[in-house]
Each structure stands twice: as structure tokens, then as C-alpha cells.
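Since the structure comes first, as C-alpha cells, the remarks are kept for the end.
The values are calculated or read from the model by the stated rules, or taken from the named source; none is laboratory data. Since this is a predicted model, take the numbers as computed values, not measurements. Counting neighbours? That spans all protein chains shown, and the Cβs are built from the backbone with ideal geometry, glycine included. All accessible areas refer to the heavy atoms of the entire protein, side chains included, with ligands and DNA or RNA removed. Shrake-Rupley method; radii C 1.70, N 1.55, O 1.52, S 1.80 Å.
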Amino acid sequence: MADRIASRSVSSRRRLDWLPFVLPAAVGLAWATLSYAGRVPEYLLPAPGQVAVTAADFVTGLWHCGPYSGTFIRHALASIERVALGFSLATVVGVPLGLLTGCSDAARRVLDLTVHSVRAIPGIGWLPIAMVWFGIGTPTTVFLIALAAFFPIYVNAALGARSVRPLWIRAAQMLGASRRDLFVTVIIPAALPTVADGLRLGLGISWAYLVLGELTGVPDGLGAVMMDARMMGYVQIILVAMLSIAILGRLSDLALMALLRRLLPPRFA
Amino acid sequence: MDTGTIQSCHIVIDKVGKYFANENGGLWALRDLSLCVRRGEFLCVVGPSGCGKTTLLSLVAGFDTPTEGQVYCSGQPVTGPGPDRGVIFQEDALFPWLSVAGNVCYALHRRGIPRRQATQQAMHFLELVGLQEFAAYFPGQLSGGMKQRAALARVLANRPQALLMDEPFGALDALSRMEMQQLLLTIWRELAPTILFVTHDVDEAIFLADRVYVMTARPGRICRQLQVPLPRPRTAEVLTSQGLMDIKHEVLNLLLEANAQAHSRQRIVNPL
Ligand SMILES: Nc1ncnc2c1ncn2[C@@H]1O[C@H](COP(=O)(O)OP(=O)(O)O)[C@@H](O)[C@H]1O
Ligand SMILES: [Mg+2]
């Protein structure tokens with residue numbers, strides 16, 4: 001039994017697991033069937049072949065399909081930069097504040113009411129004032145991302161610090177830990193798995209607010225591509241940009257998980 | 001307690017009371033409890049579950065402060081936890097994010113002992129508890145008995161003057177428990193710490209201790225102390241010896257009597 005489990009986990013590491021691709025393949029098939037049977041008009045949903053060519057051209061520029069030929073790297077880099085900036089900002093502020101709130105009653109009383117009131121404003125509600133303050137462009141987008149990603153990161157860091165087992169605190173104290181030691185050597189490592197959950201949530205939200213920020217009319221970025229293409233009735237490229245975000249979002253999550261796995265202790269109970 | 005006793009004993013608990021407020025009004029977990037532990041002595045407190053043993057150890061460890069009375073350690077009032085009093089908890093309290101060796105090194109790092117030296121010392125104490133092959137393991141990979149061995153090594157590496165042990169072997173099977181008791185006696189003989197050991201297990205208390213205090217519940221107080229004149233070193237045969245049986249008989253009678261009294265008191269207070 002143990003052997004079977006072990007051999008399965010080893011082999012699944014080597015061979016690609018095909019099960020996750022069944023659903024996308026089925027959706028693609030349905031899409032192709034509908035398109036080539038002429039059941040959906042092209043201006044609503046172009047055929048998959050057309051979209052595939054547009055995608056290839058968007059990335060490589062080999063087909064010279066139109067204004068977006070070969071611009072993927074430029075737009076993707078602009079978007080990635082905004083997500084990276086906004087998410088880093090949210091992390092740098094959210095994790096320490098959250099941990100502090102979780103382990104100090106005074107900090108909680110100072111911060112919690114304000115943070116949770118501000119949290120009640122939906123992220124979109126910040127768009128007008130952000131445009132007034134930062135104009136149109138990267139600063140507004142980064143601001144929106146940082147703001148939206150801050151909350152799950154903060155809340156989870158606080159939760160992680162708050163749910164540290166009291167027994168670990170006592171154990172550290174009787175072993176001679178100072179208050180600073182407690183924070184660095186007990187609260188932070190004990191809270192880390194929960195902090196990691198918050199970071200993953202925050203990164204997901206970052207991509208959502210990236211698109212919101214870029215819809216306001218910036219010259220580059222995948223959200224901008226989508227919005228401009230809509231004006232031109234260039235539906236293929238809207239779909240391609242959406243697909244790009246899906247792929248980039250998933251890849252960034254995988255990268256974050258890989259990073260966190262290196263950071264987390266190997267055998268956390 | 002007079003100042004002479006406070007100065008001469010390692011740990012002195014002087015007319016201590018501990019009150020817990022709760023939604024039903026609160027209760028005295030301990031009341032008017034006094035005892036003293038001499039330096040180098042192995043002292044057991046035996047009492048039923050809920051009689052306040054964990055509360056008592058928390059006060060000595062300095063995790064909590066008494067409502068009444070005072071706890072002294074080496075003649076000084078206890079004001080907080082400190083590395084001179086190592087605690088072995090009832091539940092697993094190892095840090096799951098550190099390896100076994102990392103756990104044992106924890107206190108050594110806090111004292112600024114260099115990494116190499118700390119690791120060397122940790123290995124020494126892991127050997128002492130028979131866990132040297134598991135240094136790189138994480139607590140989640142250990143059995144209950146091994147966890148308590150690691151906990152013991154972690155505390156011993158700090159060279160505490162006193163060990164406070166809260167039913168440390170209560171969750172183990174009978175065989176592991178006996179092994180751990182033997183190990184503890186060996187360590188006590190070699191390192192000569194003062195040990196304050198609380199348990200609900202009468203056999204365990206008598207087998208280990210020089211002296212046994214019998215504790216009763218609601219409020220937790222000491223009702224009797226007994227010398228254990230059994231010869232050392234104590235082996236498994238002691239567990240079935242007539243000497244142990246005699247003392248056990250006496251302790252059980254005390255506990256049953258106290259229990260019966262508590263019930264009759266309850267009946268008067270509460271006619272239902
Ligand atoms: N933090 C606490 N708050 C309220 N009541 C407590 C607390 N700790 C212990 N008690 C109560 O004190 C009594 C003694 O508990 P404890 O010391 O854990 O007993 P033991 O360790 O002997 O089983 C119990 O009735 C328990 O409910
Ligand atoms: Mg207890």
C-alpha cells in the first residue's frame with residue numbers, strides 16, 4: 001500500500017497529469033463546434049483558429065495581423081511591473097502591520113477599526129479618487145492594486161499571529177526568550193503558513209485590480225489592450241489578452257508558491 | 001512560611017491561592033496551598049484531574065501570578081518565567097518548524113552560544129535521551145514518547161536548576177511510560193536537578209519520588225505529605241513491591257476520602 005502511494009507520487013512527478021486539461025479541451029471543442037457550424041456571429045465570438053493565429057501574432061509578430069502584432073512582451077511587461085509594484089507594496093505594509101495587530105492588543109485597538117472600515121469600501125470605489133490624485137497611468141494602477149491586495153494580506157497575517165499556540169509562547173519564555181525573540185523566533189515562523197495564504201489571495205486580487213487600473217486609458221498593459229481593442233471591434237485580441245492574463249496569473253501564483261515553499265520549514269505539522 | 005524555610009528550600013509555595021473568574025462567577029483553583037521542595041529533591045504531587053496541578057506548576061514557572069500568597073525560587077519571589085526553571089508540558093510543546101536538533105539548540109542560541117558549539121551540546125543531550133539518530137527529524141515525524149524525550153533534551157540543554165514536569169508521560173502507553181520514568185531517574189541521578197513532578201498516577205508518583213504530596217480538588221490544596229522510603233536505584237520490581245503497595249494504599253485512601261467529602265459537601269449545597 002505504502003509502496004503504491006510512493007510509486008504513484010514519484011511517477012506523477014515525471015509524467016504530465018492530463019486530467020486538468022480535460023475541461024479546457026472540452027470548452028475549446030464546444031467553442032470550435034459552435035463557430036464552425038456558424039451558430040455564433042464572428043463579431044461576438046471569433047473562431048478558435050482565428051484567435052489562435054491572433055495570439056501567435058500578438059506574441060511573435062510573424063503574421064502582421066494588425067496594430068497589436070508582436071506587442072505582447074511590451075504589454076505583458078508593463079502589466080507585470082504594475083502587479084509586482086502594487087503587490088510588493090501591499091506585502092511590505094500588510095505583513096508587518098498584520099503581525100503586529102495579531103500579537104499586540106494596543107496595535108489592534110489602534111488599527112483594526114480604521115482598517116476594517118476602509119476595507120468596507122469596495123476597491124472600485126477608490127477609482128475616482130485615485131484618478132484625481134494620481135491621474136491616469138501606472139501610479140493609479142499600482143495604488144489600486146496595493147490597496148486591494150493589502151486587506152487579505154493584513155487580515156491573514158493578523159490571524160496567523162493571533163492563532164499562535166500559547167503553549168509555544170510559554171515554552172519559548174521558559175527557555176529564556178526575550179520579547180523580541182518571541183516575535184522573531186516564535187510568532188513569525190508560527191504565523192508563516194497563514195501569511196502565505198494571505199499572500200496568495202493578495203496576488204490573485206492584484207491581477208483583478210491591474211485590469212481595473214489599466215481600463216482607465218493607459219497606453220500599455222494587457223488591460224489597456226483589451227479596452228482599446230473593444231473600441232476597434234477587434235474581438236480576437238480581447239480574448240487573447242484575457243487568455244494572457246489567465247496564464248500570467250497562474251504562473252505568478254506558481255512562482256509565489258515555489259518561493260514560499262522554500263521559505264517555509266519543510267515539515268510543518 | 002518562615003524566612004528560614006524560604007531561604008533553605010529551592011522552591012517554596014507559601015499559602016498560595018489562585019482564583020479564576022468565569023461566566024459562572026469563578027472558582028478557586030487553588031486555596032491556601034503550601035509546600036516546599038528541597039534542593040536536589042525529587043518531589044511528586046499527586047491528585048485527581050482538575051485539582052489544579054497545571055495551575056500550580058504555571059505559578060512556579062512564572063507563567064501566571066497567584067491571587068494570594070507567594071511563590072519563591074532560590075529564596076527570591078518568582079516574577080516571571082526563566083531558564084533556571086525548565087518546564088515539561090503535559091501536551092507537546094516542541095516547535096514544529098524546527099528540527100529536533102533545532103529545538104534543543106533553541107535556548108542555546110538565545111544565550112548567544114555559537115552555532116557549532118550549540119549543535120555539539122545539543123547532540124550530547126540528544127544522546128542522553130537516546131534520540132541522537134533523530135536530530136534531523138521534525139517533531140511531526142516523532143511518536144509521543146520521542147516527542148517527550150526531545151522536550152526533555154531541549155530543557156536539559158539549558159542546564160536548569162529545577163525541572164517542573166506536568167504529567168509528562170500521561171499520554172504514553174504503559175511500556176513507554178516505564179521507559180521514560182527510568183530515563184528520568186537516570187538523568188536525575190546524573191545531573192541532580194530539583195524536580196517538581198505532578199501526576200494523577202499514584203504508582204508513578206511513588207515510584208519516582210523522595211516525597212509525595214497528596215492534593216485534593218475544589219479548591220486545590222495539599223491534604224498530606226508522605227515520605228517514600230523505597231531504596232534507590234529503583235527498578236521495575238519496585239512497582240510490585242510490598243513497600244510501594246502500602247504507600248499506594250494510604251494515598252488512595254486519602255484521595256477517596258477527600259472525594260467522598262467533596263461529594264457530601266456538594267449534596268448539602270445543592271439539594272438536587
Ligand atoms: N485559565 C483558566 N481559566 C479558568 N479556569 C481555569 C483556568 N485554568 C484552570 N482552570 C480551572 O482550574 C481548575 C484546575 O485546573 P488544572 O490546573 O488544569 O487541573 P489539573 O492540571 O490538575 O487537571 C479546573 O477546575 C479548571 O477548570
Ligand atoms: Mg493538568
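Comparing A:Pro152, A:Pro139, A:Pro48 in a Gaussian network model of chain A (Cα springs below 10 Å), the most mobile by mean-square fluctuation is A:Pro48. If you sort B:Lys18, B:Lys248 by accessible surface, 1.4 Å probe, largest first, the order is B:Lys248, B:Lys18. With R₀ fixed at 60 Å, the C-beta to C-beta distance from B:Arg218 to A:Trp63 puts the FRET efficiency at about 0.10. Buried accessible surface for the B/A pair, both sides summed and rounded to the nearest 100, is 2100 Å² with a 1.4 Å probe. With kT/(6 pi eta Rh) evaluated at 10 °C and eta = 1.306 mPa s, and Rh the Kirkwood radius from Cα pairs, chain B diffuses with a coefficient of 81 µm²/s according to Stokes-Einstein.
The alpha-carbon of B:Lys15 sits under 20 angstrom from the alpha-carbons of these lysines, leaving out residues fewer than 8 places away in its chain: B:Lys53.
Summarising the label geometry, the points placed 7 Å from Cα in the beta-carbon direction at A:Ile73 and A:Ile136 lie 2.8 nm from one another. For the stretch B:94-159, a Kirkwood radius taken over Cα pairs fed into Stokes-Einstein (37 °C, viscosity 0.692 mPa s) yields D = 293 µm²/s.
Here B:Thr3 and B:Gln225 are evaluated by their C-beta separation; at R0 = 22 Å the FRET efficiency comes out at 0.55.
Only Cα pairs under 8 Å and 6+ residues apart enter the sum, and on that basis the relative contact order of chain B stands at 24 percent. Taking chymotrypsin sites (Phe, Trp or Tyr not before Pro) across the stretch B:123-200, the ones in a DSSP loop with at most 16 further Cβ atoms lying within 10 angstrom of their Cβ are B:Tyr137. Remark: mean inter-chain Cβ contacts per residue of B:80-93 equal 4, using a 10 Å Cβ-Cβ cutoff to other protein chain atoms.
Histogrammed with a bin width of 10 Å, the alpha carbon distances of chain A distribute as 6, 22, 25, 23, 16, 7, 2, 0 percent, first bin at zero. The phi-based Karplus calculation (6.51 cos²θ - 1.76 cosθ + 1.60; θ = phi - 60°) puts the 3J(HN,Hα) values of the stretch B:149-160 at 4, 4, 4, 5, 4, 4, 6, 5, 4, 7, 6, x Hz, whole numbers, x for Gly and Pro. Cysteines in chain B lacking any other cysteine Cβ under 4.7 Å from their own Cβ: B:Cys44, B:Cys51, B:Cys73, B:Cys105, B:Cys223. Here the spin labels are modelled as points 7 Å beyond Cα on the Cα-Cβ line, and at B:Thr67 and A:Arg180 they lie 3.8 nm apart.
About the centre of its Cα atoms, the protein assembly as shown shows a dipole size close to 380 debye [charges on the beta carbon of Lys, Arg (+1) and Asp, Glu (-1) only; nearest 20 debye]. When A:Ser79, A:Ser104 are compared by accessible area of protein heavy atoms, the largest-first order is A:Ser104, A:Ser79, using a 1.4 Å probe. In the stretch A:15-171 the Cα-Cα distances spread across 5 Å bins starting at 0 as 2, 8, 10, 11, 10, 11, 12, 12, 9, 7, 5, 3, 1, 0, 0 percent of all pairs. Alpha-carbon geometry of the stretch A:101-141: the Rg and the Dmax are 14.3, 40 Å, given in that order.
Measuring heavy-atom accessible area with a 1.4 angstrom probe and counting protein chains only, the residues of the stretch A:151-171 that give up at least 20 Å² relative to the chain alone are A:Arg165, A:Leu167, A:Trp168, A:Arg170, A:Ala171. Only protein heavy atoms count here; under a 1.4 Å probe, A:Trp63 has an accessible surface of about 130 Å².
Share of pairwise Cα-Cα distances greater than 21 Å in the stretch B:30-133 is 50 percent (whole percent).
Taking amide hydrogens as placed 1.01 Å from N in the peptide plane, the amide H of B:Arg224 sits under 5 Å from those of B:Val214, each at least 5 positions away in sequence or on another chain. Rg over Rh for the stretch B:175-230 works out to 1.00, using Cα positions for both radii and the Kirkwood form for Rh.
Helix B:100-110 axis versus longest C-alpha principal axis of chain B: approximately 80°, rounded to the nearest ten.
Solvent-accessible surface of the stretch A:79-155, taken per residue with a 1.4 Å probe and all protein chains present: 49 Å². Highest mobility in the GNM of chain A, judged by mean-square fluctuation with C-alpha springs under 10 Å and restricted to A:Ala130, A:Ala90, A:Ala148, is found for A:Ala130. A Förster distance of 30 Å, applied to the separation of the beta-carbon atoms of A:Ile129 and A:Ala255, puts the FRET efficiency at 0.40. With N the number of residues in the protein assembly as shown, Rg(Cα) / (2.2 N^0.38 Å) evaluates to 1.36.
Within chain A, the longest run free of trypsin sites (Lys or Arg not before Pro) that sit in a DSSP loop with at most 12 other Cβ atoms within 10 Å is A:40-269. Of the accessible area of the stretch A:38-147, computed with a 1.4 Å probe over protein heavy atoms only, carbon and sulfur atoms account for 71 percent.
Our summary of shape: the Cα atoms of the stretch B:126-272 have principal axis extents of 59, 36, 28 Å, ordered from largest down, in whole angstrom. Between B:Asp173 and A:Val110, the simple label model (points 7 Å from Cα in the Cβ direction) yields a spacing of 5.4 nm. Taking a straight line from the alpha carbon of B:Lys18, these aspartates and glutamates sit under 13 Å away, with near neighbours fewer than eight places off in the same chain left out: B:Asp32, B:Asp64, B:Glu68. Our coupling estimate for the stretch B:204-214, obtained by passing each phi through the Karplus curve with A = 6.51, B = -1.76, C = 1.60 and θ = phi - 60°, is 4, 4, 5, 4, 8, 8, 7, 9, 10, 9, 9 Hz, Gly and Pro reported as x.
Rounded to whole numbers, the Karplus 3J(HN,Hα) couplings from phi for the stretch A:206-219 are 4, 5, 4, 7, 4, 4, 4, x, 7, 5, 6, x, 8, x Hz, using 6.51 cos²θ - 1.76 cosθ + 1.60 with θ = phi - 60°, and x at Gly and Pro. Where only DSSP H runs of four or more residues are counted, chain A gives -24500 deg cm²/dmol as its mean residue ellipticity at 222 nm, each run worth -39500 (n - 2.57). Between B:Asp92, B:Asp173, B:Asp84, the GNM of chain B built on Cα springs shorter than 10 angstrom shows B:Asp173 fluctuating the most. Sequence-distant contacts, meaning Cα pairs under 8 Å at least 6 residues apart, place the relative contact order of chain A at 21 percent.
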